[in-house]
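Bear in mind these aren't lab numbers, they're just calculated from the coordinates by the rules spelled out. Keep in mind that this is a model prediction, so the values were computed, not measured. Positions of Cβ are backbone-derived with ideal geometry, glycine not excepted, and every protein chain shown enters the neighbour counts.
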Amino acid sequence: MNNQQATLTRKERIALLNKQISSLSEEKKRNMAARFGVVNIEGKYYSLHNQLLLAMQLDNPTVVAGFKQWQEANHKIKKGEHGALILFPVGSKDKNGKVEEVENFLTGVVFDISQTEEME
């Protein structure tokens, strides 16, 4: 994250990132996403859009999770690390907890495993 992005609000940061992604060709988007193949801590791949968001904010992301998810996995975020913004859908869910009808998207903050260390 550069100094300009550090002073922006979360809403402004995600808008800027979305604008940058929108300006990319479809080929460039696919090539960027193919280079990383970012998964969450449960091993599930992120959407193309979230993969691009992560690629634009982190150096070589591989496995990412939120603050509490890392704690549950016996990891802590290293001092001074900054998380990356992703989008997640909000809406009505089916019986398995999966969002069926997307009503909106909210931002979440995740950290790459390289930004963590095991707890003692």
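Any chance you could count how many residues in the range 72-93 are closer than 18 Å to Leu54 by Cβ and touching a residue at least 40 places away in the same chain (Cβ under 8 Å)?
Residues meeting the conditions: 5.
Tell me, which helices (runs of 4 or more DSSP H) wholly within the range 9-86 include 2 or more residues that are under 18 Å from Phe105 (Cα atoms)?
Once the helices (runs of 4 or more DSSP H) in the range 9-86 are filtered for at least 2 residues that are under 18 Å from Phe105 (Cα atoms), what remains is 10-22, 48-57.
Residues Arg30, Arg10, Arg35: which one is loosely packed, with under 15 Cβ neighbours inside 10 Å and in contact (Cβ under 8 Å) with a residue 24 or more places away in the chain?
Arg10
Residues in the range 99-112 that are surrounded by 13 or more Cβ atoms within 10 Å (Cβ to Cβ) and more than 22 Å from Leu17 (Cα to Cα): how many?
Of the residues in the range 99-112, 1 are surrounded by 13 or more Cβ atoms within 10 Å (Cβ to Cβ) and more than 22 Å from Leu17 (Cα to Cα).
For the structure I just gave you, tell me whether Asn96 is farther than 17 Å from Gln115 by Cα, free of Cβ contacts under 8 Å to residues at least 40 places away in the same chain and surrounded by 18 or more Cβ atoms within 10 Å (Cβ to Cβ).
no
Looking at this structure, is Gly91 in a loop (DSSP other than H, G, I, E, B), small (Gly, Ala, Ser) and farther than 21 Å from Glu12 by Cα?
For Gly91, the condition - in a loop (DSSP other than H, G, I, E, B), small (Gly, Ala, Ser) and farther than 21 Å from Glu12 by Cα - is not met.
Just give me the residues in the range 109-120 being out of contact with any helix residue (DSSP H, G or I) (no Cβ under 6 Å at 6 or more places or on another chain) and outside any loop (DSSP other than H, G, I, E, B), in sequence order. If you could, list the steps in order and put the result at the bottom.
Step one: of the range 109-120, the residues out of contact with any helix residue (DSSP H, G or I) (no Cβ under 6 Å at 6 or more places or on another chain) are 109-115, 117-120.
Of everything in the range 109-120, those that are out of contact with any helix residue (DSSP H, G or I) (no Cβ under 6 Å at 6 or more places or on another chain) and outside any loop (DSSP other than H, G, I, E, B) turn out to be Val109, Val110, Phe111, Asp112, Ile113, Ser114, Gln115, Glu117, Glu118.
Kindly indicate which of Leu106, Leu85 is in contact with a helix residue (DSSP H, G or I) (Cβ under 9 Å, 6 or more places away or on another chain) and within 22 Å of Arg10 (Cα to Cα).
One residue alone meets the criteria, Leu85.
From (1) of a type outside the set (A, V, I, L, M, F, W, C); (2) in contact with a strand residue (DSSP E or B) (Cβ under 7 Å, 6 or more places away or on another chain); (3) surrounded by 14 or more Cβ atoms within 10 Å (Cβ to Cβ), pick out the condition that doesn't hold for Asn74.
(3)
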